[in-house]
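The values are calculated or read from the model by the stated rules, or taken from the named source; none is laboratory data. It should be emphasised that the depicted structure is a prediction, and the values quoted were computed from it without experimental measurement. When we count neighbours, we look across all protein chains shown, and the Cβ atoms used for this are built from the backbone with ideal geometry, even at glycine. Note: areas computed on protein heavy atoms with side chains; ligands, DNA, RNA excluded. Shrake-Rupley method; radii C 1.70, N 1.55, O 1.52, S 1.80 Å.
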Amino acid sequence: MGCCSGADQEKYDELKRFIDALPTKQGELIRVLHRAQGIFGYLPREVQVFVARELEVPVSKVYGVVSFYSYFTMKPKGKYEISVCMGTACYVRGAENVLEELRKKLAIEPGETTPDGKFSLRSLRCVGACGLAPVMMVGDKVYGRVTPDMVDSILAECE
Amino acid sequence: MEKIKTVEELKAICLARQEEEKKESVSILVCGGTGCQSSDSQKIVENLQAELAERGLEDMVEVVRTGCFGFCEKGPIVKILPDNTFYTQVKPEDAQEIVESHIMNNEKVQRLLYQDPKTGEHISDSKHMDFYKKQQRVALRNCGYIDPENIKDYIGQEGYQALAKCITRMTPEEVIEEVKKSGLRGRGGAGFPTGLKWQFARGYQAEQKYVVCNADEGDPGAFMDRSILEGDPHSIVEAMAICGYAIGASEGRVYIRAEYPLAIKRLEKAIESARECGLLGEHILGTDFCFDIQISFGAGAFVCGEETALIHSMEGNRGEPTTKPPFPAESGYWGKPTNVNNVETFANVPVIFLKGADWFSSIGTEKSKGTKVFALAGKINNVGLIEVPMGTTLREVIFDIGGGIKSGKEFKAAQTGGPSGGCLTEKDLDTPIDFDSLVAKGSMMGSGGLIVMDEDDCMPSVARFYLEFTEEESCGKCTPCRVGTKRLSELLKDITQGKGTMEHIAELKRLSQVIKDTALCGLGQTAPNPVLSTLAAFEDEYIAHVNGRCPAGKCTALLKFYIDPEKCKGCTLCARNCPVNAIEGTVRNPHSILQDKCIKCGTCMDKCKFGAIVKK
Ligand SMILES: Cc1cc2nc3c(=O)[nH]c(=O)nc-3n(C[C@H](O)[C@H](O)[C@H](O)COP(=O)(O)O)c2cc1C
Ligand code: SF4
Ligand code: SF4
Ligand code: SF4
Ligand code: FES
Ligand code: FES
């Protein structure tokens with residue numbers, strides 16, 4: 001890993017310690033990727049290569065798994081990760097309009113990050129707070145009964 | 001806690017816990033489900049504890065953070081025992097008044113009591129609320145009652161005594177017989193008889209077998225399984241161990257979505273405390289039975305709820321289904337006999353052994369025994385988690401328990417079974433809900449999502465919503481599903497954008513049938529259901545779209561904006577805000593919209609302060 005800066009090296013070390021502590025490497029790819037995404041925030045190619053080497057599986061297999069599951073992302077997230085619930089309960093209570101408003105305000109599509117790296121936008125499915133539908137989240141903070149005109153003030157809180 | 005070595009010790013702890021509860025004359029239960037936690041219920045717990053401590057009451061009054069009470073609509077919920085006082089929409093700053101008024105002076109805080117929308121009366125005891133009257137809690141018996149992070153609370157509810165009974169007084173065959181006799185059928189969707197499934201898994205010889213709990217809960221808009229895991233994780237641990245004893249497995253796995261942090265935390269805690277107490281691990285309660293559980297994390301793929309896909313995912317691979325047979329009972333996790341059951345199925349198991357198979361089978365209909373948990377959501381007054389005996393009608397669920405449709409609108413349809421299910425309409429309201437009646441109506445029970453729609457919902461758009469979901473979630477392994485769902489969703493998109501023809505409708509029907517007949521796994525086979533069932537009940541609405549009209553007024557492309565000259569005051573606000581200058585008019589004279597310029601952005605309608613702009 002000649003490419004890594006010191007901070008990155010620490011992250012790789014942490015991941016390696018995690019892998020080495022596993023009782024078996026067989027079948028543990030998804031567990032390792034969860035941990036890797038927890039450490040790095042996302043799964044760039046270099047991390048996938050690293051995982052492949054440590055687990056002794058082909059890189060193509062790692063890539064195949066990463067691209068299969070929507071939870072794994074190959075792009076860095078913004079400082080504030082905005083998620084809009086598009087589960088059925090939120091959909092019938094108008095989540096689409098909230099997502100549309102965010103799209104307009106941030107000028108990005110779901111799955112993208114603003115050029116300044118401040119916000120990323122994604123839609124997800126049922127955060128389990130359907131009673132508060134429609135629901136959006138900034139990081140882990142949940143906002144319930146969101147209407148498009150609340151979007152401005154919610155974004156303004158992110159400073 | 002110390003290791004529990006015998007059944008007698010377990011029973012003694014249970015009794016001691018019950019005594020303790022009697023002594024603690026008052027307990028305050030605060031909902032710690034995901035819904036209520038999102039509205040700051042954790043802060044309520046902290047504030048209550050601080051208020052009690054300030055008055056030296058912390059030893060007399062216990063504050064318990066429970067799982068979901070079900071009445072999420074009016075959360076956060078706080079309940080006070082023993083008198084069952086039910087406070088709704090509690091805020092952290094209400095803690096002081098609850099302690100001063102209710103706890104110290106025995107005066108209920110009127111303004112926090114639930115107000116019956118029909119009579120306007122304040123109802124104090126939750127037993128008298130319409131929401132709870134028709135419910136019967138079996139799978140959710142401990143949710144909203146015990147502290148899910150305290151194993152003693154669960155043991156106090158006779159927890160782990162069903163396991164104790166099975167492993168000390170019953171043979172595996174007798175255990176399976178009892179489950180068969182109860183009539184329990186799988187709650188994960190298909191309704192397969194649970195006892196029979198266990199018998200199959202027992203029938204295969206192998207040095208290692210596995211018990212898997214399917215906690216993937218893919219239906220978007222459903223939260224039953226996560227609520228059970230958040231509110232009563234030990235019931236799942238106990239049931240998995242019982243299943244392990246019955247089929248001859250010593251290892252269990254829970255496959256759970258990584259997106260469920262709270263459920264994961266509580267399940268991890270439950271497994272850990274069960275190990276500490278010797279209720280998981282080697283020689284449980286001094287017997288020869290050994291069993292332990294590990295957790296595997298899903299990563300957001302709906303198809304992984306399908307059992308073969310789930311097993312591939314647990315093995316660290318892409319979650320693609322494979323054809324059955326072989327069924328997991330023969331060759332599952334690492335090629336070994338594996339029994340997969342849903343969370344709610346497991347949640348019903350311990351109580352069958354505590355109260356007996358006959359008790360269980362006395363609830364429900366002839367072929368569907370017991371209860372079903374539903375996540376009630378959508379355009380309904382009481383969104384929440386409910387549990388009713390099988391055979392309860394949709395009308396009772398929506399109008400009695402659910403409190404009817406929001407804002408006095410008309411009921412239009414209810415979707416059960418999520419993206420694999422179908423919609424039920426007005427004429428189905430009096431059908432008793434069970435596995436078979438829903439299939440007969442072109443829907444299915446599914447895992448329990450129940451979404452209510454009103455007159456403002458456009459059915460072709462709802463079908464499109466589900467098909468966009470299945471298109472995205474199709475794993476791509478087989479062509480009928482990969483290409484077919486894409487095509488269905490394109491056809492629906494055309495229809496909702498006003499580009500549909502009658503040929504589109506015919507093609508929807510034809511293609512749906514092909515996908516149903518030829519897709520490899522359940523995802524593809526059931527994907528056309530939302531299309532077929534909305535077509536069956538609302539074909540006129542599809543035809544209206546083809547003729548350029550959306551009866552529900554939802555599809556923007558088919559709507560036109562108009563200014564009502566009677567109501568327009570000529571304030572010019574709309575004209576100044578229209579991004580394409582599509583509004584003409586002079587000050588203090590009625591304005592009008594140039595239809596060929598208007599891009600239907602809706603800005604004018606939002607801006608007008610006089611309600612003069614309508615869309616139709
Ligand atoms: C596309 C698809 C998604 C499924 N999702 C789930 C799910 O989220 N949870 C679940 O328990 N079962 C799900 N199932 C059903 C499982 O394959 C399996 O039948 C079930 O877990 C068996 O448990 P039961 O007999 O206790 O119902 C799904 C099936 C299909 C075809
Ligand atoms: S039906 Fe769909 S989800 Fe199932 S195997 Fe085929 S492509 Fe994959
Ligand atoms: S904003 Fe309303 S009242 Fe004012 S000009 Fe437009 S339509 Fe008329
Ligand atoms: S809907 Fe938009 S484009 Fe059309 S008239 Fe109103 S503001 Fe202008
Ligand atoms: S559908 Fe949005 S929280 Fe459940
Ligand atoms: S989450 Fe609190 S009542 Fe459902």
(Q) Among the residues in the stretch A:123-141, are any more than 13 Å from every other protein chain (Cβ to nearest Cβ) and open to solvent by 20 Å² or more (accessible area, probe 1.4 Å)? (A) no
Q: Taking B:E178 as the residue in question, decide whether it is outside any helix (DSSP H, G or I), away from every other protein chain (no Cβ under 14 Å) and open to solvent by 10 Å² or more (accessible area, probe 1.4 Å).
A: no
**Q.** strands (runs of 3 or more DSSP E) lying entirely in the stretch B:49-95 (those with 3 or more residues that are touching a Lys or Arg at 6+ places or on another chain (Cβ under 9 Å))
**A.** B:85-87
Q) Taking A:K79, is it more than 14 Å from chain B (Cβ to nearest Cβ) and either open to solvent by 80 Å² or more (accessible area, probe 1.4 Å) or basic (K, R) (or both)? A) yes
(Q) Taking the condition of being at pLDDT 95 or above, among the hydrophobic types (A, V, I, L, M, F, W, C) and open to solvent by less than 30 Å² (accessible area, probe 1.4 Å), how many residues in the stretch A:1-28 meet it? (A) 2
(Q) Out of the residues in the stretch B:1-48 meeting the condition of being in a loop (DSSP other than H, G, I, E, B), open to solvent by 70 Å² or more (accessible area, probe 1.4 Å) and of a type in the set (D, E, K, R), tell me which one is farthest from A:A129 (Cα to Cα). (A) B:K5
Q: Mind listing just one residue for me: the one in the stretch B:212-235 that is more than 11 Å from chain A (Cβ to nearest Cβ) and closer than 22 Å to B:G300 by Cα and, of those, nearest to ligand 6 (Cβ to nearest atom)?
A: B:I228
Q. If we keep just the residues of the stretch B:144-175 that are part of a loop (DSSP other than H, G, I, E, B) and open to solvent by 10 Å² or more (accessible area, probe 1.4 Å), which is farthest from B:K118 (Cα to Cα)?
A. B:T171
Q) Under the condition of being among the acidic types (D, E) and over 20 Å from B:Q497 (Cβ atoms), which residue from the stretch B:573-616 is farthest from the chain's Cα centre (by Cα)? A) B:E584
Q. Just a yes or no: is a residue in the stretch A:35-45 open to solvent by 30 Å² or more (accessible area, probe 1.4 Å) and within 11 Å of chain B (Cβ to nearest Cβ)?
A. yes
**Q.** Hits in the stretch B:586-616 - residues which are farther than 24 Å from A:K104 by Cα and more than 13 Å from ligand 3 (Cβ to nearest atom)
**A.** B:L594, B:K616
Q. Of the numbered conditions (1) touching a Ser or Thr at 6+ places or on another chain (Cβ under 9 Å); (2) more than 16 Å from ligand 6 (Cβ to nearest atom); (3) within 14 Å of chain A (Cβ to nearest Cβ), B:Y204 satisfies every one except a single condition; which is it?
A. (3)
Q: For B:S447, work out the one condition from (1) open to solvent by 10 Å² or more (accessible area, probe 1.4 Å); (2) within 11 Å of chain A (Cβ to nearest Cβ); (3) not aliphatic (A, V, I, L, M) it doesn't fulfil.
A: (2)
Q: State yes or no: is B:K74 farther than 19 Å from B:H234 by Cβ, surrounded by 15 or more Cβ atoms within 10 Å (Cβ to Cβ) and of a type in the set (K, R)?
A: yes
Q | The listed residue being assigned by TED's automatic domain parsing to the domain that holds A:R125 and within 24 Å of B:E473 (Cα to Cα), out of A:V84, A:V59 | A | A:V84
Q: Check whether at least one residue in the stretch B:82-104 is modelled with pLDDT of 90 or more, within 23 Å of the chain's Cα centre (by Cα) and open to solvent by 60 Å² or more (accessible area, probe 1.4 Å), and report yes or no.
A: yes
Q: Considering every residue within the stretch B:308-324, establish whether at least one is farther than 30 Å from A:Q37 by Cα and either within 19 Å of the chain's Cα centre (by Cα) or surrounded by fewer than 21 Cβ atoms within 10 Å (Cβ to Cβ) (or both).
A: yes
Q) What single numbered condition from (1) on the phi > 0 side of the Ramachandran plot; (2) open to solvent by 10 Å² or more (accessible area, probe 1.4 Å); (3) not β-branched (V, I, T) fails to hold for B:G370? A) (2)
Q. On the given criteria, is A:G111 among the small types (G, A, S), away from ligand 5 (no atom under 16 Å from the Cβ) and within 13 Å of another protein chain (Cβ to nearest Cβ)?
A. yes
Q | Failed criterion for B:L15 (all others in (1) within 12 Å of chain A (Cβ to nearest Cβ); (2) more than 25 Å from B:Y114 (Cα to Cα) hold) | A | (1)
Q: Evaluate the following for B:V483: is it open to solvent by 10 Å² or more (accessible area, probe 1.4 Å), more than 16 Å from ligand 4 (Cβ to nearest atom), touching a Pro at 6+ places or on another chain (Cβ under 7 Å) and modelled with pLDDT of 95 or more?
A: no
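Here is a yes/no grid of residues against (1) more than 14 Å from chain A (Cβ to nearest Cβ); (2) closer than 30 Å to A:Y91 by Cα:
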{"position": "B:K355", "(1), (2)": "yes, no"}
{"position": "B:K372", "(1), (2)": "yes, yes"}
{"position": "B:A375", "(1), (2)": "no, yes"}
{"position": "B:G378", "(1), (2)": "no, yes"}
{"position": "B:P389", "(1), (2)": "yes, yes"}
{"position": "B:R395", "(1), (2)": "yes, yes"}
**Q.** Residues (in contact with a strand residue (DSSP E or B) (Cβ under 8 Å, 6 or more places away or on another chain) and surrounded by fewer than 18 Cβ atoms within 10 Å (Cβ to Cβ)) located in the stretch B:560-594
**A.** B:K560, B:Y562, B:D564, B:P565, B:E584, B:P590, B:S592, B:L594
Q. Looking at the stretch B:499-511, which of the residues that are part of a helix (DSSP H, G or I) and within 22 Å of B:C550 (Cβ to Cβ) is most open to solvent (accessible area, probe 1.4 Å)?
A. B:E503
Q) Only one of (1) over 30 Å from the mean Cα position of the chain (by Cα); (2) open to solvent by 30 Å² or more (accessible area, probe 1.4 Å); (3) among the β-branched types (V, I, T) is not met by B:T518, so which one is it? A) (1)
Q) Can you name every residue in the stretch B:219-261 that is of a type in the set (G, A, S), closer than 30 Å to A:A133 by Cβ and either open to solvent by 10 Å² or more (accessible area, probe 1.4 Å) or free of Cβ contacts under 8 Å to residues at least 24 places away in the same chain (or both)? A) B:A258
Q: Can you tell me which residue within the stretch B:558-616, out of those that are of a type in the set (D, E, K, R), within 14 Å of chain A (Cβ to nearest Cβ) and part of a helix (DSSP H, G or I), is farthest from ligand 1 (Cβ to nearest atom)?
A: B:K607
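Residue by residue, here is whether (1) more than 15 Å from ligand 1 (Cβ to nearest atom); (2) closer than 26 Å to B:S474 by Cα; (3) among the aromatic types (F, W, Y) holds:
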| residue | (1), (2), (3) |
| --- | --- |
| B:V303 | no, yes, no |
| B:A309 | no, yes, no |
| B:E315 | yes, yes, no |
| B:S331 | yes, yes, no |
| B:V349 | no, no, no |
